[in-house]
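Worksheet for the structure shown next.
All of the numbers you see were taken from the coordinates with simple rules; none came from a lab. As the structure is a prediction and not an experimental result, all values here were calculated from the model. Positions of Cβ are backbone-derived with ideal geometry, glycine not excepted, and every protein chain shown enters the neighbour counts.
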Amino acid sequence: MLDTADWALVPLAIVFLVAYGWPILQPSLAPWAKHVCNLVQWGAWVIFALDFVLRVAVARYRWQYFTRHLLDFAIVALSAVPVLRPVRLIILCRVINRKAAATLRGQVALYVVISTTTLVVSAALAVLSAERGAKGANITSFGDALWWAMVTITTVGYGDQFPVTVEGRFIAVGLMIAGIALIGVVTASFAAWFIDRVRIEETEAQAATRRDLEAVMARLDTVTEELTALRRAAEDRESSTELTPP
């Protein structure tokens, strides 16, 4: 049931991202459309919150599950505060990341592409919403925000675009941490793959050596049997010669 719920949450997360980003990308959007987008965001948040409650309810050890997922609880709780609206994007990232991690296991490249794209787009929308209209802001378009998010998540940081608001800087900190974590995942995955390849080659080499030894032992057994047969034949001839009268 929870696996089915995961699949249902993925399109919901995408709808949530659209409802969040549309008013940001189009500031001149009609008031009624902005109101609809806001309702969609709140509706998605309610479903995300119910998903967390359901997972706690069906867990075998509820308290242990809850304590191990305090971050999820904090994200859901904090995102209910209007001033912390960008925190809702973390729910989106975690939902997509959770399903991607389960379905793309072993496909590191595709998993990294999906995770990075989600993080970059979400951070770009959030920082544009925070920076647009601020005094001294240099991130004033989605293109600027997207460029800033890309150089930030890769920890390059050219410095041509940077947030000037407190909210924007918090978003930057979160994106930098996510970028470092993503690099760590890629590095760990590559290291695990390399170790697995070395282990496989060692196993194959050991198996080949074992097969060679078994073949040599089998050949030695054959040679031993042949030598034993020849010795017995020679002994039989000697015995027959001794028994034959002159």
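May I ask you to evaluate 6.51 cos²θ - 1.76 cosθ + 1.60, the Karplus curve with θ = phi - 60°, for each residue of segment 112-129 and list the ³J(HN,Hα) values in order in whole Hz, giving x for glycine and proline?
5, 4, 5, 5, 5, 4, 4, 5, 5, 5, 5, 5, 5, 5, 5, 6, 5, 4
Expressed in nm², what is the orientationally averaged projection area of the convex hull enclosing the Cα positions of segment 16-55? Don't skip to the end; give the middle numbers.
Values: hull surface 10.3 nm².
Projected over every direction and averaged, the Cα hull of segment 16-55 covers 2.6 nm².
Express in nm, to one decimal, how much length is gained between I177 and F142 on full extension, taking 0.36 nm for each residue of separation and deducting their alpha carbon distance.
Length difference between fully extended and current span is 10.4 nm.
Sort the following peptides by mean Cβ neighbour count (other Cβ atoms within 10 Å, averaged over residues), highest first: 18-31, 143-156, 53-66, 170-183.
Averaged packing, sorted descending, gives the order 143-156, 170-183, 18-31, 53-66.
For G157, enumerate residues with amide H under 5 Å from its amide H, sequence gap 5+ or separate chain, H modeled in the peptide plane.
Amide H to amide H, under 5 Å and 5 or more residues apart or across chains, G157 pairs with T152.
Apply the Karplus curve 6.51 cos²θ - 1.76 cosθ + 1.60, θ = phi - 60°, to the phi angles in segment 20-25 and return the couplings in whole Hz, x for Gly and Pro.
6, x, 4, x, 6, 6
For E226 and S28 in one chain, what is 0.36 nm times their gap in residues minus the Cα-Cα distance, to one decimal in nm?
On the way: separation 198, 0.36 × 198 = 71.28 nm, distance 9.67 nm.
Gain on stretching E226 to S28: 61.6 nm.
To the nearest 0.05, how large is the calculated FRET efficiency for I14 and A188 if R₀ is 35 Å and r is the Cβ-Cβ distance?
0.80
Which ³J(HN,Hα) values, rounded to whole Hz and listed in residue order, are derived for segment 38-43 from phi using the Karplus coefficients 6.51, -1.76 and 1.60 in 6.51 cos²θ - 1.76 cosθ + 1.60 with θ = phi - 60°, glycine and proline given as x?
With coefficients 6.51, -1.76 and 1.60, one gets 5, 5, 4, 4, 5, x Hz.
How much length is gained if the chain between I195 and Y158 is pulled fully straight, taking 0.36 nm per residue apart and subtracting their Cα-Cα distance, in nm to one decimal?
9.8 nm
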